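These notes concern the structure reproduced below.
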Amino acid sequence: MNQQPSAPTDIDILRELTASVTCVLFDFDGPLATLFHGRPAPRVARVLKRRLRKWEGLKDAQRGCKNPLQVVREHADHARIGELEKLLAAQELRATFSAKPTPYADKLVRLLHEQGRTVAITTNNSEGAVANYLRLHGLADYFGRHVYGRPEDIALMKPDPHILKLALESAGAASPADCLMIGDSPDDCIAADKAGVTFLGFANEGDKRDKRKKGDKEAQLRDAGARYVVGSLKPLYSAALAV
């Protein structure tokens, strides 16, 4: 992907972005919630790696991996990948009970829905875990059937645009350009670009004291081609409120 020029994501630009879209696609873990807030991702990754060791199938390159999604992705060719994915889905479901809502996410979702925009979720996390989180936090009705989680074929996880295209079809968008995606990873940015969807990077690491990590995430998003990046959903909410 060609590097896009950085642009200041002030409220005027955010207002333009929200004013011109009919649907907003949210990644789940990050933009809507910190899924592994109470059950850290490295712990979940260890659960997966222990199972792979039991099967004598853990790849050497993944022994130190702390990202459970990456563990699954890198073992997509394993004969028991279906069982590994189900184990991850169970861990994700368990994590939803201690997941931490992203500040302003709930308010933004409700506002967009009230304005008549379709909101959808396109995530590499399991659909069942997302559905449970939405139910627990009173958000299920806002998203309805527009929830697209980890596909059965692991190869179709983002950065493949597969689930974004499914969401666009279900949202009835006249054009991908009528949609905005909010994501916090390079994979989100790449998938949005492939689907023709405008992308807004979310570079919040969750800990306001750790400015270095926040800066690292923004740099990663910029390197992936993100033109617009915010560190909080508050200015986006304010921009949508002003539309």
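The values are calculated or read from the model by the stated rules, or taken from the named source; none is laboratory data. In this text the structure is predicted, and so the values were computed from the model without any measurement. Every residue, glycine among them, receives a Cβ derived from its backbone with ideal geometry; neighbour counts consider all protein chains shown.
THR118 - would you say it is buried (at least 22 other Cβ atoms within 10 Å of the Cβ) and either touching a Phe, Trp or Tyr at 6+ places or on another chain (Cβ under 6 Å) or farther than 26 Å from ILE190 by Cβ (or both)?
Criteria not met by THR118.
Is it the case, given these coordinates, that LEU112 is surrounded by 15 or more Cβ atoms within 10 Å (Cβ to Cβ), assigned to a helix (DSSP H, G or I) and in contact with a strand residue (DSSP E or B) (Cβ under 6 Å, 6 or more places away or on another chain)?
Values: surrounded by 15 or more Cβ atoms within 10 Å (Cβ to Cβ): yes; assigned to a helix (DSSP H, G or I): yes; in contact with a strand residue (DSSP E or B) (Cβ under 6 Å, 6 or more places away or on another chain): yes.
Yes, satisfied.
Please give the helices (runs of 4 or more DSSP H) falling wholly within segment 10-95 in which 3 or more residues are within 17 Å of the chain's Cα centre (by Cα). Show your work before the answer.
On the way: elements: 11-19, 41-54, 68-74, 81-95.
Helices (runs of 4 or more DSSP H) meeting the threshold: 68-74, 81-95.
Would segment 22-36 turn up any residue that is under 30 Å from LYS194 (Cβ atoms), crowded, with 18+ Cβ neighbours inside 10 Å, touching a Cys at 6+ places or on another chain (Cβ under 6 Å) and not assigned by TED's automatic domain parsing to the domain that holds ALA171?
Looking through segment 22-36, none of the residues is under 30 Å from LYS194 (Cβ atoms), crowded, with 18+ Cβ neighbours inside 10 Å, touching a Cys at 6+ places or on another chain (Cβ under 6 Å) and not assigned by TED's automatic domain parsing to the domain that holds ALA171.
Here is a check on your reading of the model: is ASN132 touching a Gly at 6+ places or on another chain (Cβ under 8 Å), farther than 22 Å from ARG227 by Cα, of a type in the set (S, T, N, Q) and at pLDDT 95 or above?
Details: touching a Gly at 6+ places or on another chain (Cβ under 8 Å): no; farther than 22 Å from ARG227 by Cα: yes; of a type in the set (S, T, N, Q): yes; at pLDDT 95 or above: yes.
Considered against the rule, which asks whether it is touching a Gly at 6+ places or on another chain (Cβ under 8 Å), farther than 22 Å from ARG227 by Cα, of a type in the set (S, T, N, Q) and at pLDDT 95 or above, ASN132 comes out as no.
For every residue, the table says whether it meets (1) farther than 30 Å from HIS78 by Cα; (2) of a type outside the set (Asp, Glu); (3) modelled with pLDDT of 95 or more.
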| residue | (1), (2), (3) |
| --- | --- |
| LEU17 | yes, yes, no |
| CYS23 | yes, yes, yes |
| PHE36 | no, yes, yes |
| ARG39 | no, yes, yes |
| ARG46 | no, yes, yes |
| ARG50 | no, yes, yes |
| TRP55 | no, yes, yes |
| ALA61 | no, yes, yes |
